[in-house]
1. Among Phe287, Phe69, Phe241, which one moves the most in a GNM of the chain with springs linking Cα atoms closer than 10 Å?
2. With a Cα-only, solvent-free Debye model of segment 126-201, what are the log10 I(q)/I(0) values at q = 0.25 Å⁻¹?
3. Place the peptides 223-234, 103-114, 124-135 in order of packing, highest mean first, counting for every residue the other Cβ atoms within 10 Å and averaging per peptide.
4. So which of Lys56/Lys300; Lys259/Lys300; Lys259/Lys286; Lys47/Lys147 end up more than 19 Å apart by C-alpha?
5. Any chance you could check the Cα centroid distance between segment 146-186 and segment 196-231 for me, in angstrom?
6. Considering only protein heavy atoms, what is the solvent-accessible area of Arg209 at a probe of 1.4 Å, reported in Å² to the nearest 10?
7. Report in % the part of the accessible area of the chain that belongs to carbon and sulfur, leaving out ligands and nucleic acids; probe 1.4 Å.
8. What value, in deg cm²/dmol to 500, does the helix sum -39500 (n - 2.57) over DSSP H runs of n ≥ 4 give at 222 nm once divided by the residues of the chain?
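The values are calculated or read from the model by the stated rules, or taken from the named source; none is laboratory data. Small disclaimer: the values here were computed from a predicted structure and weren't measured. Here the Cβ positions follow ideal geometry from the backbone for every residue, glycine too, while neighbour counts run over all protein chains shown. All accessible areas refer to the heavy atoms of the entire protein, side chains included, with ligands and DNA or RNA removed. Shrake-Rupley method; radii C 1.70, N 1.55, O 1.52, S 1.80 Å.
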Amino acid sequence: MATAKHHSSPCFLFLFSLILFQFHLGKCDLQPNYYSQSCPQAEAIIKREVTNLYYKHGNTAVSWVRNLFHDCMVKSCDASLLLETVNGITSEKTSGRSFGMRNFKYVQTIKAALELECPLQVSCADIVALSARDGIVMLGGPLIEMKTGRRDSRESHATVVEDSIPNHNDSISLVLSRFQSIGLDVEGVVALLGAHSVGRVHCVNLVHRLYPTVDPTLDPNYAEYLKGRCPTPTPDPKAVFYARNDRETPMILDNMYYKNLLGHKGLLIVDAQLVSDPTTAPFVQKFADDNDYFFEQFTKAVLLLSENNPLTGDQGEIRKDCRYVNSI
């Protein structure tokens, strides 16, 4: 008698695939237009508020970009960065890595506008991501289509901030390893650091390259300019002593940053190392030669950063106030 063979029927395979598909959907991964039903105007409201704030306080656009970096590099894109020190929570903003960060109060401006339209629907984590997206456009950079659906952390990750965010004095190999831990390759790291095209650096983070002797890798004329901006080796951290990242186009996100690096006009040690290290130098040259190519790679890097280990589905919460976890 012939032995019976057990084949998986097409119906069984279809049902099995459907179960897997539904399981995958249950994870609620990030997706385009996540708020199309729950808050259809969400992205338009964020864009409106970012634009209004930019015309009142232009430096907010730079703050939104930095917020994305500081939030997403530390464990997850979950708005843990925004939590204040209260009720047993220690804010990530207390870390030395957060020195010079500002404009957090305007995150609340954006959140308030969203709460007025659709209460407890839009996460602070998505505000961090989308405000960075719209801030980049205000700074002349590319429009980056981001997915949404992030949820907010109920805890701070203050204890791991310094293990996650590289210091401007770290070696380039350590900087690369930090970024590679979230999936960025060398070219992506060099592209992401192009955000240094905008904003400014406090003299506290510069004077070690100027005093007691000038760092020989700095262009001499540029070093004199920096000493004019930072006239003392012991600047007051609370005083407004700073130098622009890019003197030529200080509030435009472009490839001038890389041209400056080739001219030995990088502000931070990490900037200078990009052009001196053989693994990163070729990408500095490529970006300096082609702004469109820089934008392409910058877009890829920002997207990857913005999707680092988000909380989704029923993880975390949607905070009512971005500064505090919701009361139980």
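1. Among Phe287, Phe69, Phe241, the largest mean-square fluctuation in the Gaussian network model of the chain belongs to Phe241.
2. Taking Cα atoms of segment 126-201 as identical point scatterers yields -1.28.
3. Packing order, densest peptide first, comes out as 124-135, 103-114, 223-234.
4. Lys56/Lys300; Lys259/Lys300, as the Cα separations exceed 19 Å there.
5. Between the Cα centres of segment 146-186 and segment 196-231 lies a distance of 26 Å.
6. 10
7. Carbon-and-sulfur percentage of accessible area, whole number: 56.
8. It comes out at -13000 deg cm²/dmol, rounded to the nearest 500.
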